[in-house]
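So the structure is just underneath, and the comments pick up after that.
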Ligand SMILES: NC(=O)c1ccc[n+]([C@@H]2O[C@H](COP(=O)([O-])OP(=O)(O)OC[C@H]3O[C@@H](n4cnc5c(N)ncnc54)[C@H](OP(=O)(O)O)[C@@H]3O)[C@@H](O)[C@H]2O)c1
């Protein structure tokens, strides 16, 4: 079993520096994968109301606690407020749904999934669209939504709160107006989009960057992302007897982020967590830095198209 180290967050809590992504892990496939993940040392689990798998995640947690494999306090469970619940009056109800789905009496970390809200129709319309197929957005200020999330900490429903997909200006606006600081900003981060500026900015403010899509969702048939197939990457992998994916994940740890790769495959779950027995040199980090292309794989184009005032990716970082 791999023991994953933790990082101390700005509210005094600790987060394992590596976690399991669960987006697109549904039902049986995800359940089996999560069972195996917990058995081999995964403790930080990243889900979201939007992923529609909170029930399955909760079921495995319950099973592993009952079997004595882990205690609740060993686990670090992250879920997210979906964009249709940005109305401050809906935040408590949304969090309660996630708690019920997960079967937990507290969540370790609750994130605002995105700074732009979507129109609420009902709980089943997660991507509300009009007849022309245009995504229906809302104008709720993410600051008001965040303030409603602070109340969840006070109620004891969530231990920590954070943000996701926020840019530097939005982060500072939250920091200047909040009572409880966000502990993390979860953003796309991998060698092809390394977020160096946002990482430095966040470090100065004691906010940890959680790296989502840390492998840039590999597509081996198309040899994508390019960084996994680069000769310089293959040479570093060869030196450590690791795979390019392991080098990419280790790089993310070495630059101070918390990667959360998703896998529903036992072999790849093992591969991804086996990155705590080596460390890249400064020169190797520079080589991996050079794979940055500035191209996102999650550009949120449906929101971008509408020029919403809170669309986060119009700024450089
Ligand atoms: N906050 C947000 O807006 C946001 C957005 C996107 C993602 N996320 C979170 O971040 C997590 C990870 O991001 P992601 O799922 O987008 O992308 P990712 O983790 O970069 O890539 C996942 C894909 O990589 C494959 N894979 C896993 N390990 C591999 C390895 N060692 N070698 C080759 N392929 C491998 C997986 O397939 P197999 O399952 O078959 O192994 C899966 O298809 C998500 O699951 C979610 O929890 C958050």
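The values are calculated or read from the model by the stated rules, or taken from the named source; none is laboratory data. Note that the structure is predicted; figures quoted are calculated from it, not measured. Cβ: placed from backbone, ideal geometry, glycine included. Neighbour counts: every protein chain shown.
If I go through the range 293-317 residue by residue, how many of them are more than 18 Å from residue 139 (Cβ to Cβ), within 16 Å of the ligand (Cβ to nearest atom) and more than 20 Å from the chain's Cα centre (by Cα)?
Count: 1.
Is it fair to say residue 70 is more than 16 Å from residue 123 (Cβ to Cβ), away from the ligand (no atom under 16 Å from the Cβ), at pLDDT 95 or above and within 18 Å of the chain's Cα centre (by Cα)?
The answer is no for residue 70.
Tell me, yes or no, whether the range 133-153 has at least one residue that is without any contact (Cβ under 8 Å) to a residue 12 or more places away in the chain and farther than 28 Å from residue 9 by Cβ.
Yes, some residue in the range 133-153 is without any contact (Cβ under 8 Å) to a residue 12 or more places away in the chain and farther than 28 Å from residue 9 by Cβ.
Name the residues in the range 235-292 that are out of contact with any helix residue (DSSP H, G or I) (no Cβ under 9 Å at 6 or more places or on another chain), within 9 Å of the ligand (Cβ to nearest atom) and assigned to a loop (DSSP other than H, G, I, E, B), would you?
Selection gives 260 alone.
Out of 12, 41, 30, report the one residue that is surrounded by 17 or more Cβ atoms within 10 Å (Cβ to Cβ) and either away from the ligand (no atom under 14 Å from the Cβ) or within 14 Å of the chain's Cα centre (by Cα) (or both).
So the residue among 12, 41, 30 that is surrounded by 17 or more Cβ atoms within 10 Å (Cβ to Cβ) and either away from the ligand (no atom under 14 Å from the Cβ) or within 14 Å of the chain's Cα centre (by Cα) (or both) is 41.
Taking the range 15-27 as the region of interest, how many residues are touching a strand residue (DSSP E or B) at 6+ places or on another chain (Cβ under 9 Å) and either more than 15 Å from the ligand (Cβ to nearest atom) or part of a loop (DSSP other than H, G, I, E, B) (or both)?
6
Pick from 167, 177: which is buried (at least 16 other Cβ atoms within 10 Å of the Cβ) and farther than 22 Å from residue 52 by Cα?
167
Please go through the range 296-310 and give me each residue that is surrounded by 13 or more Cβ atoms within 10 Å (Cβ to Cβ), in contact with a helix residue (DSSP H, G or I) (Cβ under 8 Å, 6 or more places away or on another chain) and assigned to a loop (DSSP other than H, G, I, E, B), ordered by number.
296, 300, 310 - these are the residues of the range 296-310 that are surrounded by 13 or more Cβ atoms within 10 Å (Cβ to Cβ), in contact with a helix residue (DSSP H, G or I) (Cβ under 8 Å, 6 or more places away or on another chain) and assigned to a loop (DSSP other than H, G, I, E, B).
With respect to residue 159, is the statement that it is more than 29 Å from residue 248 (Cβ to Cβ) and surrounded by fewer than 22 Cβ atoms within 10 Å (Cβ to Cβ) true?
So residue 159 fits the description; yes.
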